[in-house]
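Each reported figure results from applying straightforward, stated rules to the coordinates on display, with no laboratory input. Computed from a predicted model, the values in this text were never measured in an experiment. Glycine also receives a Cβ, built like all others from the backbone with ideal geometry; neighbour counts cover every protein chain displayed.
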Amino acid sequence: MRSPTGPLDYLRRWPLQVWLATTAVFLYAPLITLMAFSFNDSKRNIVWRGFTLKYYALTFADADLIQAFVNSLTIALVSTVVSTILGAMTALLMWRFRFPGKAALDGALGLPIVVPEICMGVAMLVFFTEIVPWPTEAPWPLNLGSIIISHISFSFSFVAVVVRGRLASFDRSLEEAARDLGAGEWRIFREVLVPHMQPGLIAGALLAFTLSLDDFVITFFTSGPDTTTFPIKVYSMVRFSVTPEVNAASTLLIITTVALTALALWLQGPGVTQAPQAGEGLLP
Amino acid sequence: MGEGDPEGVEGAGFSSNFPRQPGPDALAGARAAAAPSTASRSPSPARGGGSKSALPMDEPVGRSRGVFAVLASPPVLWLVVFFLVPLSIIWAYSFGQNISLTRIAVDGSLGNYAHALRPLYLGIIGKSLWFAAVTTLLCLIVGFPVAVAISFASPRTKAWLLLLVMLPFWTNLLIRTYALMAVLRTEGYVNALLGFGWKGLAALAALVGLHMPPFTPLELLHNDFAVVFGLVYVQLPFMVLPLYAALDRLDRSLIEASLDLGSGHLTAFARVVIPLATPGIISGVLVTLIPSIGAYLTPDLLGGPSSMMIANVIERQFKAADDWPFGAALSFLLMYLTFAAMAAQAFAGRRRRSA
């Protein structure tokens, strides 16, 4: 038996249910058809002709595509590590200190978040061709340097925002207590501040990783012929035509992202989300 | 948070990423909330800091000069060298001109801006604004009921519905755009479905002796419709999240009170919910509008030759046309537009608060 509908049980009303279902179809139908038809044994790509994995075999045999994927992961990894460190430093700086020019710095830190991607892309293009010509023929990880630097520039402000949000809930009497008990600056940082910041750091790092892996526009302007990333490679395939290989490659990337996300959520567990509440509970 | 907030709201953890006032933080909040994590949830400073702290939140540099220097120099240096310097170069170039194939003379001329304000380019700027405005409006219309549904759901359903909205977010923008191409193209799924339906209709019509012309596929791709459709598809989660955050903070008893006092549900929404959710609506509009104005990939892949937006023209100046000074001027016009939109929103927010 259904319990009677309360006045605010809007989800029980059919117009809203229809609306939700339609939106879900709108958001998911394109992605699901894309994934489903990567297994379709037809070049024309629209009528179902039976299950096949041959486009995955083609994808894995495509050395350029594999190289682009490795490049993307390398760039995302390095950029995540550096921007998490820089972002955490920024957050600590802005949280702890009052100094002349703080408002200006705050504004400047907001810029990478609001400046349109295309503007930042062309700025990086000019910077890395005119001011600091980057050796794109350098040995492997080094030739990715200009892309990595650009990614760090737009990621670390995002990390700073996330970590700063987390720091806002820090109770400074804990720091005071640690100081009274004889802990030095470094020890307070390592044993009191970092554990409190940890959820923010993880969230910030994940955000930086996603931003880097997802970026097309800024990379488009900083990559050379030998330094393609996965999105750039897929873009050139898409421009050429809609093919099952692109579907297969896209499906692989979707699965990678969803798996990474699930892993991250699972790693953090429910404990992390409850930690701040528990902390608040300790206080009067 | 109001008394009526179920526990699951905290657990879902998306609401607090949205500052009440629009601004850069609202944009970052949108992206941060999109991050695959629930950990970025943080109490607002008003709740978490201030009254509870034994020490002031920010101390003067004073004794801790060393710590300050260590914390400040790397990020500040990075920001200046790898962000502000590149932008300044573009800014300087916008006042220059090509004097040879590889050299640009910065001579303080305003020629590039005059060039950018000619009817052809003004039209493209106007078109970008128009596309962005229509996209934002459509996102608001589609997203508001979705946000209402999420915020009034039970804690468990709420977590699932939020996941439903977030999941496409974690998928690469290029891949989402590509998926739309496959759906919309002439031999795509939408036309296949329509053609199938048409065949059925024609068969029915033949039974009663009518003759229907054969199905002509609709031109759904490479036109203005496709660009706006794509922008709505990509931006919708950006709109839903701040709306949800605002609706979730709302005190339910106010709606109950207005229902008790005899108003209908629609009146309660129009006169109670929407006014109270305005800060969320403003930040939702901001986080949808700004990326839409500067969109590059969507018009590039889904648009036709006449649906170029300002970002596509900029790209052309830097890659194909090789007119960097003109491209630089267009970039800065786009940047000024972005700042103007933010200033307008901030102004609207301030007027609301003082009213």
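Set the Förster distance to 25 Å, then compute FRET efficiency between A:Lys54 and A:Thr256 from the Cβ-Cβ distance, nearest 0.05. It would help to have the intermediate numbers written out before the result.
Numbers: r = 21 Å, r/R0 = 0.83.
That gives a FRET efficiency of 0.75.
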In deg cm²/dmol, rounded to the nearest 500, the helical mean residue ellipticity at 222 nm of the protein assembly as shown, built from -39500 (n - 2.57) for every DSSP H run of length 4 or more, is -22500 deg cm²/dmol
Taking a straight Cα-to-Cα line shorter than 25 Å from A:Lys233, and setting aside same-chain lysines fewer than 8 residues away, one finds A:Lys43, A:Lys54, B:Lys319
Those trypsin sites (Lys or Arg not before Pro) from region B:71-174 that are DSSP loop and have at most 11 other Cβ neighbours within 10 Å turn out to be B:Arg103
Magnitude of the Cβ-charge dipole (Lys and Arg +1, Asp and Glu -1) of region B:248-355 about the Cα centre, nearest 20 debye, reported as 400
Simple SL model, points at 7 angstrom along Cα→Cβ for B:Arg252 and B:Trp160; separation in nm is 1.9
Check: C-alpha center region B:284-355 vs C-alpha center region A:73-93, spacing in Å is 27
Note: probe point = Cα of A:Phe189 + 7 Å toward Cβ; backbone nitrogen < 16 Å; residues of region A:79-105 passing the test are A:84-97
Here the convex hull volume per residue of the protein assembly as shown, taken over Cα atoms and given in Å³, is 210
Out of A:Leu86, A:Ala168, A:Ile149 - ranked by how far each Cα lies towards the positive end of the dipole of region A:78-211, with unit charges on the beta-carbon of charged residues - the top one is A:Ala168
Taking A:249-257, A:55-63 and ranking on average Cβ neighbours within 10 Å, highest first, one gets A:249-257, A:55-63
Ranked by GNM mean-square fluctuation in chain A (Cα springs under 10 Å), the top entry among A:Val114, A:Val246, A:Val82 is A:Val114
With R₀ set to 22 angstrom, the calculated FRET efficiency between the beta-carbons of B:His115 and B:Leu137, to the nearest 0.05, is 0.10
Fewest-first ordering of A:Val132, A:Val122, A:Val18 by Cβ atoms within 10 Å yields A:Val18, A:Val132, A:Val122
With the dipole of the protein assembly as shown defined by +1 on each Lys or Arg Cβ and -1 on each Asp or Glu Cβ, the option from B:Ser100, B:Phe83, B:Leu117 whose Cα lies farthest towards the positive pole is B:Leu117
With Cα springs under 10 Å, the Gaussian network model of chain A assigns the largest mean-square fluctuation among A:Ser150, A:Ser169, A:Ser223 to A:Ser169
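Quick check for me: using +1 on Lys/Arg Cβ and -1 on Asp/Glu Cβ, what's the dipole size of chain A about its Cα centre, in debye to the nearest 20?
With Lys and Arg at +1 and Asp and Glu at -1, about 740 debye.
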Fewest to most Cβ atoms within 10 Å: B:Tyr178, B:Tyr121, B:Tyr336 sort as B:Tyr336, B:Tyr121, B:Tyr178
Contact order relative to length for chain A, counting C-alpha pairs under 8 Å separated by 6 or more residues, stands in percent at 29
Simple SL model, points at 7 angstrom along Cα→Cβ for B:Thr278 and A:Phe240; separation in nm is 5.5
Note on region A:7-74: contact order normalised by length, alpha-carbon pairs under 8 Å, 6 or more apart, percent, works out to 14
Note: B:Ala69 to B:Leu194 extended length (0.36 nm per residue) minus current alpha-carbon separation gives 38.5 nm
Dipole check, region A:1-130, charges on Cβ (K,R +1; D,E -1), about Cα centroid: among A:Tyr10, A:Trp95, A:Phe26 the Cα furthest to the positive pole belongs to A:Tyr10
Taking max minus min of the Cα coordinates of chain A on each principal axis, largest first, gives extents in Å of 73, 71, 30
Hits in region B:288-302: amide N under 14 Å from the 7 Å Cα→Cβ extension of B:Arg316, namely B:299-301
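What dipole magnitude, in Debye to the nearest 20, does region A:34-155 give about its Cα centre under +1 on Lys/Arg Cβ and -1 on Asp/Glu Cβ?
400
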